[in-house]
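The next block holds one structure in the form of structure tokens; read it before the comments.
Throughout, read-outs are computed from the coordinates displayed, never taken from laboratory work. Every value quoted in this text rests on a predicted model; they were computed, and no experiment measured them. Virtual Cβ from ideal backbone geometry, glycine too; neighbours counted across all protein chains shown.
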């Protein structure tokens, strides 16, 4: 049987993504009703963390437990990856002993190399280029609150970072229009823009970008590893805060999302993130349920 990987949203087609979205909702209902469902019994997911995380570790580890399996946490201190073993060798060895590998790292090429040499599914839990698992949760959250996102308009405000890139892929895969409001010199990567040009547009003015939008999304101004740029980015992004004026420019029923952690008073004001049309807490919880659906899709025998 061909091994399937999940490195970006484009590793799955639209029907498969829809199946995972709806399955995530089903698994959420089952879990909340107390139903025991263990399709991954006796299976192990190796979780390689070269970047730290709260939501990613908790959601994957809890998800594997709820599905009857086991999650093995591996930091650079715990593996030969941290001592310079070639990624190819680590992929061969680790995949010979486990049933799936989740990796959260810096260079996207790392997960691509892991996938090339692994004989079990590789899941990208974040790289500097993409964060596809977060989009599974975001799309499930939108569906739960507003139905299908197909044909809708989403506005991304902030850095053209890995979350922005995954929203660009999502626009193509789920069929929505994406407005990207980012300052000069902080655009998304050209190659990803070209791949999704039919669904994405850069609009410098956040208020203009937010017009007629059904969903407003942002992220921190300085991502992990960019802390030394914090002051410079505060200046560059000063006009790219999601505040009441931005939400008022969007459609009356527009939702607000943020992958967290959030810095209130920087990329988003407290009155927006804590407002009734903010669904960030459902979005965060849905990391668990959407990823359980992904794990079942990739690993269930």
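Sort 97-105, 39-47 for me by packing, meaning the mean count of neighbouring Cβ atoms within 10 Å per residue, highest on top.
On the way: 97-105: 22.6, 39-47: 18.9.
With the highest mean Cβ count within 10 Å placed first, the list reads 97-105, 39-47.
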What does the helix-only formula give at 222 nm for the chain: each DSSP H stretch with n ≥ 4 adding -39500 (n - 2.57), the total divided by the residues, and the result rounded to the nearest 500 deg cm²/dmol?
-12500 deg cm²/dmol
Contour minus Cα-Cα distance for residue 186 and residue 107 (0.36 nm per residue)
26.6 nm
What is the distance, in nm, between label points placed 7 Å from the Cα along the Cα-to-Cβ direction at residue 198 and at residue 36?
4.8
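Output the relative contact order of the chain, whole-number percent, from Cα pairs under 8 angstrom with separation of 6+ residues.
Contact order relative to length: 21 percent.
Kindly give the semi-axes, whole Å and largest first, of the ellipsoid equivalent to segment 117-192, taking each as the square root of 5 times a Cα gyration tensor eigenvalue. Before the final figure, lay out the partial values.
Values: eigenvalues 88, 75, 19 Å².
Largest first, segment 117-192 gives 21, 19, 10 Å.
At 25 °C and 0.890 mPa s, what whole-number value in µm²/s does Stokes-Einstein give for the translational diffusion of segment 134-283, with Rh from the Kirkwood sum over Cα pairs?
Numbers: Rh = 15.0 Å.
My calculation gives 163 µm²/s for D.
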